[in-house]
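Beneath this line is the structure, given in structure tokens, with notes to follow.
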Amino acid sequence: MAFFVEIGLLLLVLPWSTFWERNYFAYWPALRALMSNNYVRGAISGLGVLNLLAGLSELVPLFMARK
């Protein structure tokens, strides 16, 4: 449950941070062009949104059961 939310937040924010441009894999010439592509960043952020939705859909029944 919380795993999906945490991974979703990371995948949503990380591609647009400076860490994305300065990590180990960004220095590989074959991956540099791919990682700097805004469409790839958007696709990874889209996966983050899907993970967030999956995590929240699992958390909603827990909060509803409290009432």
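The values are calculated or read from the model by the stated rules, or taken from the named source; none is laboratory data. Every value quoted in this text rests on a predicted model; they were computed, and no experiment measured them. In this analysis, Cβ positions are derived from the backbone assuming ideal geometry, glycine residues included, and neighbour counts consider all displayed protein chains.
Listed here are the residues, each with its yes/no results for (1) of a type in the set (Phe, Trp, Tyr); (2) modelled with pLDDT of 95 or more; (3) part of a helix (DSSP H, G or I).
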position	(1), (2), (3)
Phe4	yes, no, yes
Leu9	no, yes, yes
Val13	no, yes, yes
Leu34	no, no, yes
Ile44	no, yes, yes
Val49	no, yes, yes
Gly55	no, no, yes
Glu58	no, no, yes
Phe63	yes, no, yes
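Among the residues of segment 21-32, those identified as assigned to a helix (DSSP H, G or I) and not hydroxyl-bearing (Ser, Thr, Tyr) are Glu21, Phe25, Ala26, Pro29, Ala30, Leu31, Arg32. Report whether or not Leu62 is surrounded by 12 or more Cβ atoms within 10 Å (Cβ to Cβ), aliphatic (A, V, I, L, M) and on the phi < 0 side of the Ramachandran plot. The answer is no for Leu62.
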